[in-house]
Amino acid sequence: MTRNITPAAREDLLAESSPNALLGFLTIRHRNLIEPIRVVSDPIDYIVGGNHFIGCPFDFQLLTDEDRAPQTQIRLQNVDRRIGETLRTITDRATVQLEARSSADFDLYMTPREEKPGGSAVLYGFRHFDLVDVTVTPIEVTGTLMLRDFTQEPWPGKRATQSRTPGLFR
């Protein structure tokens, strides 16, 4: 995924009088979820690539770029109880994808907002991050997004036991 915002897009988004906003499209997947949770950092719903994103303002930060594995924080407003309750009931890590797109690529006169002909471009994004340290309050849902650091995993991660590989023990 893209991790660098082009200079032209950065200049447009940071200009004082820019009519365009940077929108975050967050997708949370877990094996216990029938449908992924999809939210957009705008109060109005959006449709991107045929997927419906619920309008739910949230904050996100750019990934860290240091010696350790990249990570970031997210903070969602708990405006839809289903999101907070679903994330609270998940017992293990969910995977997250985040894409930042410009509002200039959407028809802002429709509800839900849809992409203009030609689609929308991802200005910044990442996928396959784990959602950890989730805290759910009546006001907000916070969590940390991080890549799994395999240097901290025990080796070997899986062993050839009789129950796992019975063919080896004949």
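At-a-glance table
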quantity: Cut-off under 5 Å, modelled amide H: who pairs with Arg148 long-range; calculated: Asp130
quantity: Phi-based couplings in Hz for the stretch 41-56 (Karplus 6.51, -1.76, 1.60; Gly and Pro marked x); calculated: 7, 8, x, 9, 5, 10, 10, 10, x, x, 9, 8, 10, 7, x, 8
quantity: Long-range HN-HN contacts of Ala94 with modeled amide H, under 5 Å; calculated: Leu131
quantity: Residue-span extension gain [Ala104 to Arg164] - 0.36 nm each, minus C-alpha spacing; calculated: 16.3 nm
quantity: Approximate spin-label separation Thr89-Ile44, in nm, with each point projected 7 Å along Cα-to-Cβ; calculated: 3.2
quantity: Per-residue SASA entry for Phe129, accessible area with 1.4 Å probe, Å² rounded to 10; calculated: 10
quantity: Met110 accessible area, assembled protein chains, probe 1.4 Å, Å²; calculated: 70
quantity: Helical mean residue ellipticity (222 nm; -39500 (n - 2.57) per DSSP H run of 4+; nearest 500) of the chain; calculated: -3000 deg cm²/dmol
quantity: With at most 10 other Cβ atoms within 10 Å, longest stretch of the chain clear of loop GluC sites (Glu not before Pro) (DSSP); calculated: 67-170
quantity: Accessible-area ranking of Asp130, Asp59, largest first, probe 1.4 Å; calculated: Asp59, Asp130
quantity: Global geometry of the stretch 50-89, whether rounded, prolate or oblate, following the gyration tensor of its Cα atoms and the 1.5 cut on a/c; calculated: prolate
quantity: Kirkwood hydrodynamic radius of the chain, Cα pairs, Å; calculated: 18.0
quantity: Sequence of Asp105, Asp133 from largest to smallest accessible area, 1.4 Å probe; calculated: Asp133, Asp105
quantity: Relative contact order %, the stretch 59-160, counting alpha carbon pairs below 8 Å whose residues are six or more apart; calculated: 33
quantity: Span from the the stretch 67-126 Cα centroid across to the the stretch 137-169 one, whole angstrom; calculated: 25
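The values are calculated or read from the model by the stated rules, or taken from the named source; none is laboratory data. Note that the structure is predicted; figures quoted are calculated from it, not measured. Cβ atoms come from the backbone with ideal geometry, glycine included; neighbour counts cover every protein chain shown. Ligands, DNA and RNA are excluded from the accessible area calculation, which covers all protein heavy atoms including side chains. Shrake-Rupley method; radii C 1.70, N 1.55, O 1.52, S 1.80 Å.
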